[in-house]
Amino acid sequence: MSAARSADVPEIRRGRIYQDVYRKRVDTQLVTSTAALERARIEGDSLIFEGDDQAWKRALGDGLFLLAIPPELDVRVGDAFSAQFYQGASAPPYGRYRELTSEHFGDALLGFHQRTNQIEQFLLERRFWDRYYPPEIAELGEGLTYLSRKVIRSVLCYAGIPEKDWEQATGGCTEAAGSYHLTFNHYRPAHDATGLNSHKDDGFITLLRATAPGLEVSRADRWEAVVPEPGYFIINFGLSMEILTAHCAAPVRAIMHRVTRQTTDRSTFGHFSSSNCAPGSDEGIYRYLPGIGLDRVCGSRELIDENDSEIYEGTVNPEGRTP
């Protein structure tokens, strides 16, 4: 990692990523409004926003927007998997995935696991999809990968990053060659805890399929509820995109978000696009400096590990106290 970093780049060290937004990490303020989000669709290979000419700027500044689900993507199979994976072998065909835990994959992030919050997940990297997911789920994952590629390429074009730098800047994501995770989530109403702690995602973008309320986002120093809309994914940007575009004419914000405590069963699924960090390969995280080029900030896996640790272990505040 480079020794000197300006304030636009978070400190990628355990417990320090969110020091500049520490108050939001520990904020227990209830939501006061519903988020009004920009809407977009894919036409060909391009991201097109509805509304006026400022829709692009508002969406990137907010850090999230709604994206129309392309008709070729069968999200129903993802809905079925997310509603069943945690139930065990007595619930065919997907309940058996509860038995595939992180020990099976040799990676604490993968397979089935339960968090300290209400969430339990089944998560796999792309390299495992064909082997472990049923064909219809692997196909959905690939469709989401190529959808994310179109969004990322459109965003980098709008931000003003030269196309010659795209592949290196995103660790292969603009070529559908990054690292990708497909995750299925269930929130346990019987578990007395927050749905999911406030945090930012570590990658470039997250595509979220949700059919019930629960997601909350922090905009303009207030928490807002995100109401899922039929026919749309919720798209949010992560730390990798925020770091990359911080010096651009159109910087992209990584949105702080959380899931409120759930009182009924809630299931979602999501797709994460990150810089390539397959075993034996780490393309790194960069910021783009106009007139200079790309500047490496840290390792791809380093960002993932430090962010994941901080989400669940807490942020060290500027005064040195822990939450």
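Spin-label pair V21-D192: with each label point 7 Å from Cα along the Cα-Cβ axis, the two points sit 3.1 nm from one another. Judged by the mean number of other Cβ atoms found within 10 Å, the most tightly packed of the peptides 49-57, 94-102, 303-311 leads the ranking 303-311, 94-102, 49-57.
In this rough spin-label picture, where each label sits 7 Å from Cα along the Cβ direction, the T263-E50 distance is 3.1 nm. Between Q114 and R41, the FRET efficiency estimated from the beta carbon spacing at R0 = 30 angstrom works out to 0.25. Span-like helix criteria (full DSSP H runs; alpha carbon extent of at least 27 Å along the helix axis; mean Kyte-Doolittle hydropathy of at least -1.0) are satisfied in the chain by 135-159.
Placing a pseudo-label 7 Å from each Cα along the Cα-to-Cβ vector at E99 and Y132 gives an inter-label distance of 1.5 nm.
A simple rule links phi to the HN-Hα coupling: the Karplus curve 6.51 cos²θ - 1.76 cosθ + 1.60 with θ = phi - 60°, which for segment 189-196 gives x, 6, 8, 7, 7, 5, x, 7 Hz, with x for Gly and Pro. The phi-based Karplus calculation (6.51 cos²θ - 1.76 cosθ + 1.60; θ = phi - 60°) puts the 3J(HN,Hα) values of segment 293-299 at x, 8, 10, 6, 9, 6, x Hz, whole numbers, x for Gly and Pro.
Where a number appears in this text, it was derived from the coordinates with a stated rule and is not lab data. This is a predicted model, so every value here is computed, not measured. Neighbour counts are summed over all protein chains in view; Cβ atoms, including those assigned to glycine, are modelled from backbone coordinates with ideal geometry.
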